[in-house]
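Asks: Before we start, here is the structure in question, set down as structure tokens.
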């Protein structure tokens, strides 16, 4: 990695004044695209300097509050990550820290030098001096899984809730206290956070609800008391620990939220406003039978697929009551798909069919009567993650030979609509498709939809388009078409006969998304939201590049391949490891995997082709199911037989990776016991 000896200008410490002058010139520009490009170039120049000199320049920009400094820091982050990967003990701040300790510590955190930042904060006692910096440090420690260290740090800070930063810090402390098992301390810290920032009094189940700021609490937010605070805090904290690789803690916290809800319901019924009482009377919903389905269930397309499973659970007799879906009009992932639920529940739309105040009060009632998004109480009384319950429900549903409710609803609403059918016909004709031509829908997860930065968050779930081309060609050689779904900014399909990049076309709409999937012969996807839609509509699916912490809601028409996950020495994680702690929870986040020395790999072209053939070619599917001698062994290594619903892993994948992916010593009949497998995965 070159740092010295460059012939380019500004590459020498002797030219420090010139570098600073250039940075000042760039940062004074308006934040337009051209200015951002120039600042990005300046960030690349920083990469050529010795790290401490580059840090000094960035610190100068921070102290001087120069425009564009955050872009410079962001551009330098990648370089810092590379330096630390080769030398984890490298330092950046140097002696300049003593003059600007708070600014230096904050800058270290922003560029990703977290370890050094923690040392600076500890050396200078900065957490007590700056609640904002304490927030940054505690959050950083939390994200790295240093939960005890984060709790010790925040416990040394006096929290009065006088400032916004102190309120945020109090909420962090509440989470850390809860994780440590100190509910009393957690409630005390939560009280501080709520007094200073009413936003923390909003009912919570999942961050998919995308809550806005400036929340105005209603009387139910106060009368819910300690149990209500625990309901919100346990749900939020359960998510956050799952995100950082401690999902086993998350399951326990979600179960505690469900217990808090039971505590509330065991007391006297809540006193609701006259408006809510009148609405429930008009809908014919007694308060004790109310089952609030909050906005978490509608804001993402995959969550709508989960909603389908929730109602199937009701049909199976797993829960009772009268459901009421409460949603915001701007946060429905796909309105066309959501219409399919109209006959399954009453629906209110905040700001349209009910006032904002009435809608918020209904959402607050979820603490008493909400359907839990995170866990589910099975008829046996066991509380399990919702996805696990949903996978079991899918198995029972298919064993009873039941139909696909969403497909039936689609056919009733849209298949008989002349305009929908005419639009669908004209779209096919525009692409050159004949009336009897068949096609397969394709969806590849990429970083454009969520503007993800590679190597962080959920980017390990993405895959390159190029590896799908062989499967596409195979389908078109068989006489089929391939229609690629997704967002308008997704990578484009290269020019191929009988392959359509619908995502880039003028026909793209929420309704046509659903229409195309419903009428496809098969769906090629991954562990992402559109797959849940295909499953709900009963479309045979080839799922590849799959990686997830959760059991899957897949039916018997699904064949799938997982992303191989390898350690630094090349060892492949086994199926048992991927479905038991601790590795099961580590695969949630790309950074957590990297921190634990693991790297997920994309499925290769031959693997993708094989899964697709197993789905679209019945002869290949039957042969694969019979020929796979490893299938029973694979099932024995799952924590539950229904972990992947009613689906099956690709026979080709098992044959290719069997010796690495399965545990031969557990092939015996008794090895299916979770305890035996868990012991072998440590």
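Asks: Name the one entry in 210, 202 that is within 26 Å of the chain's Cα centre (by Cα), within 28 Å of residue 272 (Cα to Cα) and either at pLDDT 95 or above or crowded, with 19+ Cβ neighbours inside 10 Å (or both). Steps first, please.
Replies: Details: 210 fails: either at pLDDT 95 or above or crowded, with 19+ Cβ neighbours inside 10 Å (or both).
Result: 202 is the single residue among 210, 202 that is within 26 Å of the chain's Cα centre (by Cα), within 28 Å of residue 272 (Cα to Cα) and either at pLDDT 95 or above or crowded, with 19+ Cβ neighbours inside 10 Å (or both).
Asks: Going through 495, 491 one at a time, which residue ends up being under 23 Å from residue 437 (Cα atoms) and modelled with pLDDT under 95?
Replies: 495
Asks: Further question on the same structure: Can you tell which of 543, 609, 553, 593 is more than 26 Å from residue 86 (Cβ to Cβ) and part of a helix (DSSP H, G or I)? Lay out the reasoning, then the answer.
Replies: Working: 543 fails: part of a helix (DSSP H, G or I); 553 fails: part of a helix (DSSP H, G or I); 593 fails: more than 26 Å from residue 86 (Cβ to Cβ).
Residue meeting the stated conditions: 609.
Asks: Look at residue 596 and say whether it is in contact with a strand residue (DSSP E or B) (Cβ under 9 Å, 6 or more places away or on another chain), surrounded by fewer than 21 Cβ atoms within 10 Å (Cβ to Cβ) and in the same structural domain as residue 660 (by TED's automatic domain parsing).
Replies: Yes; evaluated as a whole, the condition is true for this residue.
Asks: Do you know which of the residues in the range 82-108 that are in a loop (DSSP other than H, G, I, E, B) and in contact (Cβ under 8 Å) with a residue 12 or more places away in the chain is nearest to residue 131 (Cα to Cα)?
Replies: 100
Asks: Given the condition crowded, with 21+ Cβ neighbours inside 10 Å and farther than 24 Å from residue 584 by Cβ, answer yes or no: does some residue in the range 378-397 qualify?
Replies: Yes, some residue in the range 378-397 is crowded, with 21+ Cβ neighbours inside 10 Å and farther than 24 Å from residue 584 by Cβ.
The values are calculated or read from the model by the stated rules, or taken from the named source; none is laboratory data. Keep in mind it's a predicted model, so treat the numbers as computed, not measured. As a convention, Cβ positions derive from the backbone with ideal geometry for all residues, glycine included, and neighbour counts pool all protein chains shown.
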